[in-house]
Each structure stands twice: as C-alpha cells, then as structure tokens.
Ligand SMILES: [Zn+2]
C-alpha cells in the first residue's frame, strides 16, 4: 500500500524516491487505490497543517523566549564593566568602593582634575585619548555636559551610561522648585522676590503667617538661609530691596516636630531613571533624619539679626562640622551626632505621638516624592536638552528634604541633585586633629571627640541606596533583580487603593527595620 503522504516526513520522501527508482509512479497506482489514497491524503493534510501550525507556534515561543532571555540578562558582559568617577572627591568614595566590590574595574578619574575640558577630547577620542569599550560615568551635571560629545548610540546596546540627566540642576533651584510646586499642599506658602512682593505683603497680614524663611537662589547646604519674624525691621528692609536677584521667601513652619526637643528633617533618597515621556523614579524605603544640635525654641530673639543657625537649620553641613561643640555632645534622646536612620526616627515618633501613623506617613511621603520627581523630570530645561538626555541610558540620585510638623503633616523643604552619597567615619572630627582628611565626614584617627555611634546605621542607608541604584540600570544584574525590594516606584497620580497597598507594605518593612 502506498505510504501516507506526509510532505514533511523524510521517510515519505525516501519512499517516493524508492518507488520512482523501481519505476512506479502515481500513474501506475490502480484507480481504486488512488481514490483511497487521495481521501486519506485529505485528512492527512489537515493533520499536517495542524502540526505545522503547532510547530510554528512552538518556534515563535522559542524565539520570544530567547529574546526575553536576552533582555533579561545583564546588559554588559562581566569582562567589560568599567567605570570612571572622581577619586579626590569624598562624594564618590562610597560609589567607587561599592562598584569595585561588585566586580567593576575602576578606570580612575573622569579626566585630569586640573583640566576638566580634557573630558571633551576624551569623549571624542581626540589628541591621543581613547575611550573605554564600555563605561559607567559616575559624575555630576557639569561633567555630564562635557560628555555630550560621546559617540551617538542606540539605547538598546549602549556602551556608555551616565549618572546625571541634563537640566535637572536648573530644576531644583529654590526659585524653580517654588514655581513648580507652589500649588501643592505639601509645599509651604512661598513667594519669589522681588517680583511677588505685593503678594507676600498681603500674606503677611494673616496671623497664621508670622514667621518667614529666606532662601537665596543658588545656596546649598543651608548657606545664606535665615529665619525672620514678619514684624522685624531687618526682614522688611530685606524684602523691599527692589533691585536684587531672585530669591524665595517661604512661610516658616513654626511647629516643627522635634525629637528630644531637637528639630530635624527627613532626607529621603530618590532616583530618576527617565525624564519627560519616559519618566520613571523610585524612592528608597528608609533614609536619614538630620537633626539640629541646639534645642528648638522659636523666639524673636533667635531669628533675624540674632539668628541661631544651629537651632533652626537641620542641614548636615551646618551641624556636622569641626567647630560645633554640640555635635559630639550626648544630647537628650538623640545622643551624640546629628544623624539617624529614618526608621529609627519613625519608631521614636510613634512612641511619643498618638497622631502618628506609619501608613499615613508613607502614603503622604510617596505622593510628595512622586509629584516632586515627576515635576523635576518635566522641567523646561530638561525639555530643551531632550535630545542629549535621550542619547545614553541615564540615572540620577536626588535628596529630598522633608519636614514634619506636630500634626504629623509633611512638607517639602528642598530638592537636591549632586547628593552626597558618602559615608561617615567612625569618629567625630576634631579641630585639633592634624589628619588632613579629618573634616566633612569625620575622622578615622582622632579619638578626643568620641565615637560616632550611628555611623554604621547611617552608612547602611547609603550603601543600600547606591547598590539599588546600580541595579536599576541592569548593567550587571538580570532584569528580575532590577528593582530592589527597598525601592518604591514613584507613580504620579497613582490609584488610591494601589497607593494604600504600597504604603502598607512599606510600613511593614519600615517597622521591621527598628526591631
Ligand atoms: Zn581627626
């Protein structure tokens, strides 16, 4: 009997060949048999088609799986994970240490520290410079601008990754942040002077707005900031100067929540991984609580001309300094130093304040951070530089400073780029110490001022932020590890139920941190 026709079976082909060799062709098959064969052929054809379709589907699935597997793999091979950063800036020490620990090769300084324009040549391989095969550039925006000369590349298999977006520095100035967020409930009533003087003077008539804080345009680390009572002569003199560069006057939150009578703010760490229509951002589920080092008691005598910086300003750079004798003092509740982990602060707040709820705190905080990060990512300067921002995979670390009042409401104080991801040393700095490195972050050598007991806890925060940030770029981890469990996606206008669920989950983790 003729074999069942199966065009896809090698067996059938060889059988046909054999019959042909023996001189038998289809024409030789008797009619009756031929009919039966044709009939069988019809049903067999259907079966073939089915199996063909099945096989095509299977092939499709295999191809898709391969594609997915490829996109799930770390983007850069282990042998080509190089990075450049600044070796003489403590702000990058922790980053360099962590990347090295993860198996990356440190290629040293971004360029000559004495000639930063060299970076422009390096990016273009001019004047005998060459580029590494692949490179993670961990730099700030000023260097990021020079890196616009890097070869153009497609995002899919980019060989250069940069730790800064362009235009974000302009988005976080006091004036820009005020313009962006002045209608948000979490942003204190603010005015940009001199142009909004009339509006400010109108607002000053209200009993609720007795105290004001002045923020010069481009200050950082609390320099030049001062608090005033609205009735003080020095305040009224200052705001009436018509010809001066823009600065922000903001309502001062008089009832700041204190721990052990010390004022503090939350330093929250966020990461931006996409801007404009590619907006994507995350919030770390802990952070730092940064304290002032003089007990808080708002009074006309310690504002204005008699401004007490160490009472009102909670900035780390104001309080964690050599000549601040209160820094190493064993203070009520907060102890020596001026920095805790957020989780430690929340635990202390919960104990003392019946109004406090972890769930509300995290819900408010996620909303505040999502709105702020989204707004920064859409700022006009970021838009102007869209083409450059699209050219390479980028990310950027931010520090959002958030104050809580005695009703447990939270307010954004400022947003910072170029956030110091540096760790603290074991000892407090001492003005008598001769170690040249005895400064910003403390000291490893001098013992007179005592041990920074919270250094380990605070450094863990930085270490986790840096590690989770690197994960986000999927350069050395697979897709499944891209978003670490300590990073919360910051979704703008998130559905309330979804937000409640996220806040609940973070609260659980946050409570566990302190147990
Ligand atoms: Zn020292």
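Worth pointing out:
- Only listed residue being surrounded by 16 or more Cβ atoms within 10 Å (Cβ to Cβ) and outside the structural domain of residue 395 (by TED's automatic domain parsing), chosen from 133, 146: 146
- Considering 414, 396, 464, the condition of being more than 12 Å from the ligand (Cβ to nearest atom), under 25 Å from residue 263 (Cβ atoms) and assigned by TED's automatic domain parsing to the domain that holds residue 259 is satisfied by 414 alone.
- Positions within region 373-387 being within 15 Å of residue 492 (Cα to Cα) and in a helix (DSSP H, G or I), in sequence order: 373, 374, 375, 376, 377
- Some residue of region 338-352 being at pLDDT below 90 and under 19 Å from residue 423 (Cα atoms): no
- Residue 466, sole failed condition from (1) out of contact with any strand residue (DSSP E or B) (no Cβ under 6 Å at 6 or more places or on another chain); (2) closer than 30 Å to residue 329 by Cα; (3) touching a residue at least 24 places away in the same chain (Cβ under 8 Å): (2)
- Residue check for residue 403: more than 12 Å from the ligand (Cβ to nearest atom), in a strand (DSSP E or B) and within 24 Å of residue 371 (Cβ to Cβ): yes
- Scanning region 438-447 for residues that are part of a loop (DSSP other than H, G, I, E, B), within 17 Å of residue 327 (Cα to Cα) and near the ligand (Cβ under 8 Å from one of its atoms) yields 438, 444, 446.
- Helices (runs of 4 or more DSSP H) wholly inside region 228-328 that include at least 2 residues being within 31 Å of the chain's Cα centre (by Cα) and surrounded by fewer than 22 Cβ atoms within 10 Å (Cβ to Cβ): 309-312, 316-319
- Filter result for the condition that a residue is under 27 Å from the mean Cα position of the chain (by Cα), more than 30 Å from residue 189 (Cβ to Cβ) and either assigned to a loop (DSSP other than H, G, I, E, B) or near the ligand (Cβ under 9 Å from one of its atoms) (or both), over 422, 435: 422
- Looking across region 251-277, not a single residue is free of Cβ contacts under 8 Å to residues at least 24 places away in the same chain and either closer than 19 Å to residue 164 by Cβ or touching a strand residue (DSSP E or B) at 6+ places or on another chain (Cβ under 6 Å) (or both).
- Within this structure, residue 88 passes the test of being within 28 Å of residue 167 (Cβ to Cβ) and in a loop (DSSP other than H, G, I, E, B).
- Only residues that are in a helix (DSSP H, G or I) and over 23 Å from residue 454 (Cβ atoms) were counted in region 487-515, giving 11.
- Residue 373 vs. criteria buried (at least 22 other Cβ atoms within 10 Å of the Cβ), without any contact (Cβ under 8 Å) to a residue 60 or more places away in the chain and on the phi < 0 side of the Ramachandran plot: no
Residue by residue, here is whether (1) farther than 15 Å from residue 266 by Cα; (2) under 22 Å from the mean Cα position of the chain (by Cα) holds:
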residue	(1), (2)
343	no, yes
352	yes, no
357	yes, no
361	no, yes
365	no, yes
370	yes, yes
383	yes, yes
401	no, yes
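- Residue ID - surrounded by the fewest Cβ atoms within 10 Å (Cβ to Cβ), chosen from residues in region 448-459 that are in a loop (DSSP other than H, G, I, E, B) and either away from the ligand (no atom under 14 Å from the Cβ) or not assigned by TED's automatic domain parsing to the domain that holds residue 432 (or both): 453
The values are calculated or read from the model by the stated rules, or taken from the named source; none is laboratory data. Predicted model only: the values in this text are computed from it and were never measured. No Cβ is skipped: glycine too gets one built from the backbone with ideal geometry, and neighbour counts run over all protein chains shown.
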